[in-house]
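Q: One structure coming up, written as structure tokens, with questions to follow.
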Amino acid sequence: QDRLTTNVRMIFGDPEWKDYTVEVEFQKTGGTKEPFQYDAGVSLMFRATNLNEFYWLRLGVSDNREHSLEVCDGGAAPITRKVPGSLQDNRWYQLRVSVVAESMRIHVDDRLLFDLKHSRHRKGGIGIGNWLATTRWRNLKVQGSDGSILMGQLPDPSSAISPKNVPDFATIDELNQQIRNLESKKARLPIARSIADNGRDPRETRLFLRGDHRTPGPVVQPAVPATLTTRPVAFNPLASSIASTGRRLALADWLTSAENPLVARVMVNRIWQYHFGRGLVDTPSNFGLRGSKASHPKLLDWLASEFVRSGWSIKHMHRLMMTSSVYRQSGVSFQLAKTRKAASSKLTPRLLSRFPKRRLEAELIRDRILAASGSLNRSMHGPGVRPRIHPSVIETSTTRKWPTIETETPEHWRRSVYIFVRRSVLMPMLEAFDSPTTTQSCERRLTTTVATQALQLMNDAFTNEQATIMARRVANLVGSDFDKQIEQIYWRSLSRKPTTDEQNDSREFLEQQRSYHGKRNSKQAGVLALTDLCHVMFNLNEFVYVD
């Protein structure tokens, strides 16, 4: 056999070998078809005594971006060395590994990859394998330090040390294909989360003395904190025919009772915060003595009672707030008849004499760019997507579990809510516009204004690419007429017609940019100028702020 399929390691040779040189040719014929298999690569083990202790050379791993050398010693954490590098599929490589005493030198096609000294393993055989890839091997030769030939050909797989329960190499591809076929036929049932009740008898709960679980104290009964209610809440058992303690139902009844306005007040404050950028209570997760006081307490009380009266309808509260006169006010400042000091005090967003301008959330800014360019993929459900992130950002992660994307496709242009969230690899655009971390709860998003936000919109590859797509789409839609192009761009980006001044300024800008690009690329000058205008629109305050 000169071919190994996915996820195979085989060790052979004499475990007493000490100093030797391994020469072998290999060819990676492809990786798995499963998505996001970043460690697919070719491996060679040397000074191996078993499947747990050896030096492990892995080529073309981490999304085919690097080569690594690991010291594996049972369950101990491996010591790893890494260098940049990749492997081409269907190309033969010459690999040479030389180990003499503590020295290890590794070449691929006469290129020195590793040259280090290490003394963890002093002797052992060799092994070949692959991980999430398919590899061909040929012309194996193991030569001792005295020039003797220790091995001159690939071994018989049946005599090698392999992981248990691994089928014959020739059948692994067939079995993997059968597994894929069966997986594709499985019914895709909807997923529902549920809570199971363990019956009528509740579990005994005790007070731990000094907080130590080893010293249980008296039994405690269910209750509501005394500061939240004027009278005790009864947690009575349900009818004997119902196999439940009834405690969750009792808590739910109390939460939504007329005697407990807290839940309704908290909820309507959150809805108000969503629409106006700031709640009537500044601390949405703290309505206690240490929290902020309501700016409009009577309004908050009325909204809470209306919420309960409507049958706890969130849709009703959205409609009520968004059709109110305070929501429909302009965000433009105006000068009062009184002094400038009085005017400035009346114009604070806290008192809502005008609509408080607020910036869109990070995810919505990205979505709005995609919608304006016509690239937004509105498909719903399914797994998350991993858009393009610059390799320098991916390399900051310890695991680097993010694909290297050269060119994005509609698959990557789904709404930002579907972006895969990885704590160690944050998407730069979302991070720049204050997207919260997922390691803790976020009651209210912070809104900062820093230079990196402007640089992100001006220089990011995503923004420039979408500006180009938008320009080409507009040119195909309305032709080369400047006025029609400008009007179409304004409608797509700002949902309105341009004013006369904006029309004139945009036309002058297009003429200047067309003349500038015409000196370098006369055929594409029109589209390039239009791209610049689209890019400008993405950078307007009106584009990223809600009025």
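Q: Quick check on my filter: what residues within region 104-129 are in a strand (DSSP E or B), open to solvent by less than 50 Å² (accessible area, probe 1.4 Å) and either over 17 Å from VAL142 (Cα atoms) or among the basic types (Lys, Arg) (or both)?
A: Selection gives LEU113, PHE114, LEU116.
Q: Taking strands (runs of 3 or more DSSP E) that do not extend beyond region 133-214, which have at least 2 residues that are at pLDDT 85 or above and within 30 Å of VAL97 (Cα to Cα)?
A: Hits in region 133-214: 133-144, 149-151.
Q: Inside region 409-434, can you point out the residues that are in a loop (DSSP other than H, G, I, E, B) and hydroxyl-bearing (Ser, Thr, Tyr)?
A: Within region 409-434, THR409, SER424 meet the criteria.
Q: So which residues in region 304-323 are assigned to a loop (DSSP other than H, G, I, E, B) and not hydrophobic (A, V, I, L, M, F, W, C)?
A: Once the filter is applied, which keeps residues that are assigned to a loop (DSSP other than H, G, I, E, B) and not hydrophobic (A, V, I, L, M, F, W, C), region 304-323 yields SER310, GLY311, SER313, THR323.
Q: From THR437, THR499, which residue is closer than 30 Å to LYS401 by Cα and either of a type outside the set (Ser, Thr, Tyr) or free of Cβ contacts under 8 Å to residues at least 24 places away in the same chain (or both)?
A: The conditions single out THR437.
Q: Got a sec? Which helices (runs of 4 or more DSSP H) wholly within region 475-547 have at least 1 residues that are farther than 30 Å from THR448 by Cα and either charged (D, E, K, R) or open to solvent by less than 70 Å² (accessible area, probe 1.4 Å) (or both)?
A: Those helices (runs of 4 or more DSSP H) span 482-494, 500-518, 525-538.
Q: Would you point out which residue out of THR449, THR437, THR398 is modelled with pLDDT under 85, in a loop (DSSP other than H, G, I, E, B) and open to solvent by 80 Å² or more (accessible area, probe 1.4 Å)?
A: The conditions single out THR398.
Q: When the residues of region 353-385 are filtered to those that are out of contact with any strand residue (DSSP E or B) (no Cβ under 6 Å at 6 or more places or on another chain), crowded, with 16+ Cβ neighbours inside 10 Å and of a type in the set (Lys, Arg), which remaining residue is modelled with the lowest pLDDT?
A: ARG354
Residues checked against (1) closer than 29 Å to THR396 by Cα; (2) β-branched (Val, Ile, Thr); (3) over 25 Å from the mean Cα position of the chain (by Cα):
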{"site": "PHE433", "(1), (2), (3)": "yes, no, no"}
{"site": "LEU446", "(1), (2), (3)": "yes, no, no"}
{"site": "GLN456", "(1), (2), (3)": "yes, no, no"}
{"site": "THR463", "(1), (2), (3)": "yes, yes, no"}
{"site": "ARG472", "(1), (2), (3)": "no, no, yes"}
{"site": "SER480", "(1), (2), (3)": "no, no, yes"}
{"site": "ILE489", "(1), (2), (3)": "no, yes, yes"}
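The values are calculated or read from the model by the stated rules, or taken from the named source; none is laboratory data. Predicted model only: the values in this text are computed from it and were never measured. Note that we place each Cβ from the backbone using ideal geometry, even for glycine, and neighbour counts take in every protein chain shown. Just the protein is used for accessible areas: all its heavy atoms, side chains included, with ligands, DNA and RNA removed. Shrake-Rupley method; radii C 1.70, N 1.55, O 1.52, S 1.80 Å.
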